[in-house]
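The values are calculated or read from the model by the stated rules, or taken from the named source; none is laboratory data. Small disclaimer: the values here were computed from a predicted structure and weren't measured. No Cβ is skipped: glycine too gets one built from the backbone with ideal geometry, and neighbour counts run over all protein chains shown. Surface accessibility is based on the protein's heavy atoms, side chains included, excluding ligands, DNA and RNA. Shrake-Rupley method; radii C 1.70, N 1.55, O 1.52, S 1.80 Å.
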Amino acid sequence: MTPRIIPVELFDLVVFGATGDLSQRKLLPALFHRDLQGQIPPGSRIIGCSRRSLTNDDFIAFAQKAIEDHVPENERPPEMMARFLARLSYVTADAAQDAGWSDLAQALKPEADRVRVFYLAVGPDLFGPLCDKLGSHHLVTPRTRVVIEKPLGKSGASAKALNDAIGKVVSEPQVYRIDHYLGKETVQNLMALRFANALFEPVWNSAHIDHVQITVAETLGVEGRAGYYDTAGALRDMVQNHMLQLLCLVAMEPPTSTAANALRDEKLKVLKALKPVTGDSVANLTVRGQYRAGAASGGAVKGYLEELGSGASRTETFVAVKAEIANWRWSGVPFYLRTGKRLPNRVSEIVVTFKPIPHSVFDGQAGPIAPNRLVIRLQPDEGVKLWLMIKDPGPGGMRLSYVPLDMSFADAFNVRNPDAYERLLMDVVRGNQALFMRRDEVEAAWEWIDPILDAWSATGDIPKPYTAGTWGPSAAVALIERDGRTWYEDQELD
């Protein structure tokens with residue numbers, strides 16, 4: 001199957017933090033792939049910008065190496081590489097100084113009427129200063145879009161302050177709060193599964209669904225991000241944005257359309273309906289952990305404190321939460337969320353477990369009957385599994401087996417699966433905000449997260465230790481098993 005490539009309008013994209021890790025690993029390779037597919041029209045420009053003093057040739061050499069490091073050789077023909085690199089230029093500018101900003105304004109001036117994207121691939125402390133510079137140097141046009149990365153604050157108050165600083169310069173319809181999880185193919189297919197098939201939506205409620213699990217597991221530790229991570233932790237870094245967004249897509253009511261605000265209105269309703277986790281309930285509904293030395297990715301690894309270079313830290317590298325949604329559709333259905341570093345497998349998935357059948361017509365020799373499960377895997381191998389009971393083939397009576405209908409995107413479509421940033425960057429150019437968080441969504445998510453952080457801080461408890469290469473502290477197992485359920489782990493069933 002050949003994917004349909006829809007070109008976008010002419011645009012200028014300015015990447016602040018253009019020599020940083022995100023630009024190197026994700027943005028430049030994503031833009032190259034879109035150019036390779038013919039989606040970027042001739043004349044569109046990509047302008048790198050940072051406080052490092054580089055020439056155009058220096059930046060082009062940097063970009064070339066980034067693409068060579070992150071794009072397979074058979075996917076970068078020399079003539080396509082040359083075409084892409086010809087789009088690039090560089091301007092030195094600092095958010096704290098005026099030097100260089102007139103050069104950027106001059107570079108953009110000849111094409112003032114085209115779509116203009118400013119990608120803030122920098123720390124959140126620079127969002128406000130950079131937006132101030134965009135405003136004071138008259139770089140914001142009616143067709144400007146500003147893209148900001150997480151973390152969107154460390155609390156509800158700091159998120160509001162960030163949003164206020166950005167909002168002084170650009171209006172809310174011009175702000176694109178990016179969450180790369182929402183650009184993944186399988187997340188998009190969650191919408192298709194629910195709203196394009198008569199099979200699922202009639203049973204997508206508390207009458208038929210027993211519980212939902214959302215897992216985002218990483219085998220890596222904090223690596224070079226220890227300084228940032230120790231000020232954030234797993235709840236801020238993963239749950240407040242990625243995982244709550246996934247929960248919203250699973251739980252939201254059917255939108256009136258796929259228009260951006262129709263989707264975001266329904267997600268906001270889910271966030272507002274989350275039961276507060278406060279005070280004494282925090283101890284029963286949350287677990288936080290911190291990895292110790294162990295084995296991961298085929299070798300011995302250090303513990304978090306060793307990587308941090310500190311003798312003590314109360315920052316969690318693992319968190320599990322039992323959440324509930326207080327509305328008609330989901331009353332009584334628990335949503336179990338867990339995420340962590342140095343876990344056994346790198347996997348991100350949503351598991352919807354349906355209720356058991358009310359009565360079995362089979363005798364004991366048929367074997368146990370497991371509940372149906374819909375497994376939506378976001379990474380590493382994107383796909384969908386529907387676990388069903390069927391009869392074992394052959395004579396000899398009725399024997400039941402639990403098997404999956406398994407659809408892998410790579411196998412089913414036999415095409416390269418674009419990186420999430422490829423889709424999201426092109427959506428920014430199009431002006432489509434459907435996959436981006438609105439301000440009120442961000443602030444509603446913090447309203448649910450803040451009381452958990454406050455309760456953890458008030459108790460002064462340290463995170464529970466777990467050995468690297470395991471599924472977190474034993475308390476996370478108890479969190480779900482005291483409800484008579486267990487964490488889904490695919491390798492046990494395959």
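Only helices (runs of 4 or more DSSP H) whose full extent lies in the stretch 5-104 are considered here, and the ones with at least 3 residues that are open to solvent by 20 Å² or more (accessible area, probe 1.4 Å) are 56-70, 78-85. Scanning the stretch 364-379 for residues that are open to solvent by 40 Å² or more (accessible area, probe 1.4 Å) and closer than 12 Å to S408 by Cα yields a single hit, R377.
If the condition is being assigned to a helix (DSSP H, G or I) and either surrounded by 20 or more Cβ atoms within 10 Å (Cβ to Cβ) or of a type in the set (D, E) (or both), then the stretch 251-267 contributes A251, L263, R264, D265, E266, K267. Take R399 and decide whether it is farther than 30 Å from R236 by Cβ and of a type outside the set (D, E). It is true that R399 is farther than 30 Å from R236 by Cβ and of a type outside the set (D, E).
From the list R83, R143, which one is among the basic types (K, R) and in contact with a strand residue (DSSP E or B) (Cβ under 9 Å, 6 or more places away or on another chain)?
R143
Could you list all residues from the stretch 268-307 that are open to solvent by 60 Å² or more (accessible area, probe 1.4 Å), among the small types (G, A, S) and more than 20 Å from V319 (Cβ to Cβ)?
Correct list: A295, S297, G298, A300.
Within the stretch 441-494, the set of residues being more than 25 Å from the chain's Cα centre (by Cα) and crowded, with 18+ Cβ neighbours inside 10 Å comprises just one member, A455.
Among residues of the stretch 298-323 being assigned to a strand (DSSP E or B) and in contact with a strand residue (DSSP E or B) (Cβ under 6 Å, 6 or more places away or on another chain), the one that is nearest to E443 (Cα to Cα) is A323.
Restricting the stretch 171-216 to residues that are closer than 23 Å to Y336 by Cβ and of a type in the set (S, T, Y) leaves a set whose member that is surrounded by the most Cβ atoms within 10 Å (Cβ to Cβ) is T215.
Determine whether the stretch 124-131 contains at least one residue that is in contact with a His (Cβ under 7 Å, 6 or more places away or on another chain), touching a residue at least 12 places away in the same chain (Cβ under 8 Å) and under 30 Å from P418 (Cα atoms).
So far as the stretch 124-131 goes, no, none of its residues is in contact with a His (Cβ under 7 Å, 6 or more places away or on another chain), touching a residue at least 12 places away in the same chain (Cβ under 8 Å) and under 30 Å from P418 (Cα atoms).
What do you reckon, is E253 among the acidic types (D, E) and farther than 27 Å from A157 by Cβ?
yes
The set of residues from the stretch 217-241 being among the β-branched types (V, I, T) and open to solvent by 40 Å² or more (accessible area, probe 1.4 Å) comprises just one member, T231.
As for the stretch 224-239, it holds no residue that is closer than 17 Å to R373 by Cα and without any contact (Cβ under 8 Å) to a residue 12 or more places away in the chain. Among the residues of the stretch 108-136 satisfying the criterion of being at pLDDT below 95 and touching a Ser or Thr at 6+ places or on another chain (Cβ under 7 Å), which is least open to solvent (accessible area, probe 1.4 Å)? The qualifying residue least open to solvent (accessible area, probe 1.4 Å) is A121. Number of residues in the stretch 380-395 that are within 19 Å of R485 (Cβ to Cβ) and open to solvent by 60 Å² or more (accessible area, probe 1.4 Å) equals 0. Screening L244 on (1) open to solvent by 40 Å² or more (accessible area, probe 1.4 Å); (2) modelled with pLDDT of 95 or more shows it passes everything except condition (1). Residues considered: S360, S401, S310. Of these, the only one that is surrounded by fewer than 19 Cβ atoms within 10 Å (Cβ to Cβ), farther than 20 Å from N205 by Cα and at pLDDT below 80 is S310.
With respect to the numbered conditions (1) out of contact with any Leu (no Cβ under 9 Å at 6 or more places or on another chain); (2) modelled with pLDDT of 90 or more, which one is the sole condition not fulfilled by R236? Result: R236 fails condition (1) only.
All conditions in (1) outside any loop (DSSP other than H, G, I, E, B); (2) open to solvent by less than 30 Å² (accessible area, probe 1.4 Å); (3) among the small types (G, A, S) hold for A434, with the sole exception of (1). Take the residues of the stretch 105-123 that are in a helix (DSSP H, G or I) and in contact with a strand residue (DSSP E or B) (Cβ under 8 Å, 6 or more places away or on another chain): which is farthest from S89 (Cα to Cα)? Ranking the candidates gives E111 first. Does A295 count as over 19 Å from L244 (Cβ atoms) and either assigned to a loop (DSSP other than H, G, I, E, B) or out of contact with any Phe, Trp or Tyr (no Cβ under 6 Å at 6 or more places or on another chain) (or both)? Yes.
Would it be correct to say that G227 is over 14 Å from V319 (Cα atoms) and in contact with a strand residue (DSSP E or B) (Cβ under 8 Å, 6 or more places away or on another chain)?
no
Filter the stretch 157-191 down to the residues that are in contact with a Ser or Thr (Cβ under 7 Å, 6 or more places away or on another chain) and assigned to a helix (DSSP H, G or I) and list them by number. Listed by number, the list holds a single entry, Q174.
Among the residues that make up the stretch 200-219, is at least one of them in contact with a helix residue (DSSP H, G or I) (Cβ under 9 Å, 6 or more places away or on another chain) and in a helix (DSSP H, G or I)? Checked the stretch 200-219: at least one residue is in contact with a helix residue (DSSP H, G or I) (Cβ under 9 Å, 6 or more places away or on another chain) and in a helix (DSSP H, G or I).
Considering the stretch 327-426, the qualifying strands (runs of 3 or more DSSP E), each wholly inside and each with 3 or more residues that are in contact (Cβ under 8 Å) with a residue 60 or more places away in the chain, run over 334-340, 347-354, 373-379, 383-391.
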